[in-house]
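Accompanying notes for the structure given below.
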Ligand code: F6P
């Protein structure tokens, strides 16, 4: 890969800093008052999705400069590299091909001279056929009973994406209950095992590497539990399947070869819900809906790869986010879905964004001397209005928020849905407009002067708090596919401009190594050689932990 000029040494970078200094006191309220066409110019539509980005601290000049920045970072050529399977994950020498997972049959993408699309569809079709065999009762438990429950054991990308999609698409579920176990905290597995019948349950062990200790320990415990319930080793084949790029390891664990669904090393965990890692989603929603989900992702890919930058949703969201992170030095980005089904979206996007761009080293090993990946956080609306919105409205920090709002609900409570939507739109308006001191005084005209002087300043809202609003027709598999792919590409755009390899995660590894060292020390009495705090905490655990008989 050719090195580019470090992005913060380009002329456009300096121009953007200068532009930020000269526009930072512009208030969005004034921008809307001056330009009645602001919404018309600053929204984009794609199929069942609308992105309104007009409530941001930007002008047309800001957008032009940001687009110039994208061009200076060679965004188009990185998009091409990703799409055609170049090994842009340089530290792991891997292609990055989650977009290939959403390609229709017959397409071609080559990795090391091999067209991977037939492999993708072979494994996808195997996984879909397995899910169908549960739905139609052809695959049954070892005692001949119909499967009613599926437990996905996985963590990180092998958990968050599938769980989020499964919850979001609840109205599309078929006849199987889906459970998720991730944490090595025994409570996570035990609380599921308490409610299921081994005779009617299939466990999916989902692990790209098949070496993640949390997943392997949970899978071993689930297997022991299964055998203690009167089943035999021979019965495991009917009740345990695995998804991994390490097929040999899955077989060594005891999973029958025909029950191992392959995934590919060029799919990052946090981008893998589209692969066989989505098996639990397939079990939830079935073939037709899963294919719709893939089609939604593909529709966003086509838009991303072909739309001009100025009208390209992921590019616009990436650039606007970067405008705040890097040029306003903000540190966080809120994700607020006004949809109960999307309540795990903030958690999924946390991994997607923070594991991808939470880095201060560039893809060639250079130190990046500017602010990069934001802290992603959020919660479903309206619940969060009664929790942290006070800080968004009157706290001192600039915090950008994405509001994700379906216009239609699958539940026949139209009145409630309108209240939900009204709240979402009202928040974006209030955050943008704010309330001036004069307006606060005018509202308190009925009070005496002393009370007004005390209360009015407390009712001032600075406003100018930016937001994007994403309106979906409804949370259908297709629309959800578009939404997820939109965020994946947004993260990619930012990573490219910052010069980050968004597809490795070395930071996660260090903690794992230290945990391996500490684990035996919790059970033995060997002398400790950590820092005084860690030594003290290990000693305290040794004194206070009680082994179960
Ligand atoms: O948290 C680190 C990580 O490697 C993630 O990137 C990944 O999604 C997760 O662990 C689980 O990994 P695996 O699917 O290999 O068990």
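Residue count for the range 213-222 satisfying the condition of being surrounded by fewer than 20 Cβ atoms within 10 Å (Cβ to Cβ) and near the ligand (Cβ under 10 Å from one of its atoms): 2. Going through the range 131-157 one residue at a time, which ones are assigned to a loop (DSSP other than H, G, I, E, B) and buried (at least 21 other Cβ atoms within 10 Å of the Cβ)? Of everything in the range 131-157, those that are assigned to a loop (DSSP other than H, G, I, E, B) and buried (at least 21 other Cβ atoms within 10 Å of the Cβ) turn out to be 147, 154, 155.
Being farther than 30 Å from residue 145 by Cα and either in a helix (DSSP H, G or I) or away from the ligand (no atom under 16 Å from the Cβ) (or both) is true for just one of 289, 298. Which residue is that?
On the way: 289 fails: farther than 30 Å from residue 145 by Cα.
The unique qualifying residue is 298.
Checked against the criterion of being within 16 Å of the ligand (Cβ to nearest atom) and in a loop (DSSP other than H, G, I, E, B), the range 484-499 contains not a single residue that satisfies it. Being closer than 30 Å to residue 70 by Cα, in a helix (DSSP H, G or I) and within 20 Å of the chain's Cα centre (by Cα) is a description that does not apply to residue 279.
For residues in the range 223-250 being within 16 Å of the ligand (Cβ to nearest atom) and free of Cβ contacts under 8 Å to residues at least 24 places away in the same chain, which is farthest from the chain's Cα centre (by Cα)? The qualifying residue farthest from the chain's Cα centre (by Cα) is 248. Of everything in the range 147-173, what is free of Cβ contacts under 8 Å to residues at least 60 places away in the same chain and more than 17 Å from residue 130 (Cα to Cα)? Give them in sequence order. The answer is 159, and nothing else. Select from the range 252-261 the residues that are modelled with pLDDT under 95 and within 30 Å of the chain's Cα centre (by Cα) and list them in ascending order. Of everything in the range 252-261, those that are modelled with pLDDT under 95 and within 30 Å of the chain's Cα centre (by Cα) turn out to be 253, 255, 259. When residue 341 is tested against (1) within 27 Å of residue 78 (Cα to Cα); (2) assigned by TED's automatic domain parsing to the domain that holds residue 425, just one condition goes unmet, and that condition is (1). Could you say whether any residue in the range 454-476 is out of contact with any strand residue (DSSP E or B) (no Cβ under 8 Å at 6 or more places or on another chain), farther than 20 Å from residue 331 by Cα and in contact (Cβ under 8 Å) with a residue 60 or more places away in the chain? Yes.
Of the residues 97, 65, 75, 50, the single one that is under 28 Å from residue 361 (Cα atoms) and in contact with a strand residue (DSSP E or B) (Cβ under 9 Å, 6 or more places away or on another chain) is 97. Over 30 Å from residue 398 (Cα atoms) and within 16 Å of the ligand (Cβ to nearest atom), is that true of residue 278? Yes; evaluated as a whole, the condition is true for this residue. Take residue 298 and tell me if it is without any contact (Cβ under 8 Å) to a residue 24 or more places away in the chain and at negative phi. No; evaluated as a whole, the condition is false for this residue.
The listed residues are 531, 504, and the only one of them that is modelled with pLDDT of 95 or more, within 15 Å of the ligand (Cβ to nearest atom) and out of contact with any helix residue (DSSP H, G or I) (no Cβ under 8 Å at 6 or more places or on another chain) turns out to be 504. Within the range 174-212, being out of contact with any helix residue (DSSP H, G or I) (no Cβ under 8 Å at 6 or more places or on another chain), part of a helix (DSSP H, G or I) and in contact (Cβ under 8 Å) with a residue 40 or more places away in the chain holds for 192, 199, 200. The C-beta contact set for the range 35-47 (first residue farther than 21 Å from residue 485 by Cα, second residue outside any loop (DSSP other than H, G, I, E, B), distance under 7 angstrom, 6+ apart or interchain) comprises 38/31; 38/32; 39/52.
In the range 517-547, of all residues being part of a loop (DSSP other than H, G, I, E, B) and within 37 Å of the chain's Cα centre (by Cα), the one that is surrounded by the most Cβ atoms within 10 Å (Cβ to Cβ) corresponds to 530. For residue 288, the conditions (1) under 30 Å from residue 234 (Cα atoms); (2) surrounded by fewer than 19 Cβ atoms within 10 Å (Cβ to Cβ) are fulfilled apart from (1). Residue count for the range 184-212, restricted to those that are more than 9 Å from the ligand (Cβ to nearest atom), out of contact with any strand residue (DSSP E or B) (no Cβ under 8 Å at 6 or more places or on another chain) and either outside the structural domain of residue 247 (by TED's automatic domain parsing) or farther than 24 Å from residue 133 by Cα (or both): 7.
Can you say whether residue 425 is within 29 Å of residue 173 (Cα to Cα), in the same structural domain as residue 24 (by TED's automatic domain parsing) and either in contact with a helix residue (DSSP H, G or I) (Cβ under 7 Å, 6 or more places away or on another chain) or assigned to a helix (DSSP H, G or I) (or both), as far as the supplied structure shows? So residue 425 fails the test.
The values are calculated or read from the model by the stated rules, or taken from the named source; none is laboratory data. The shown structure was predicted, so the numbers you read here are calculated from the model rather than taken from an experiment. Cβ coordinates were reconstructed from backbone atoms using ideal geometry, including for glycine residues, and neighbour counts include every protein chain displayed.
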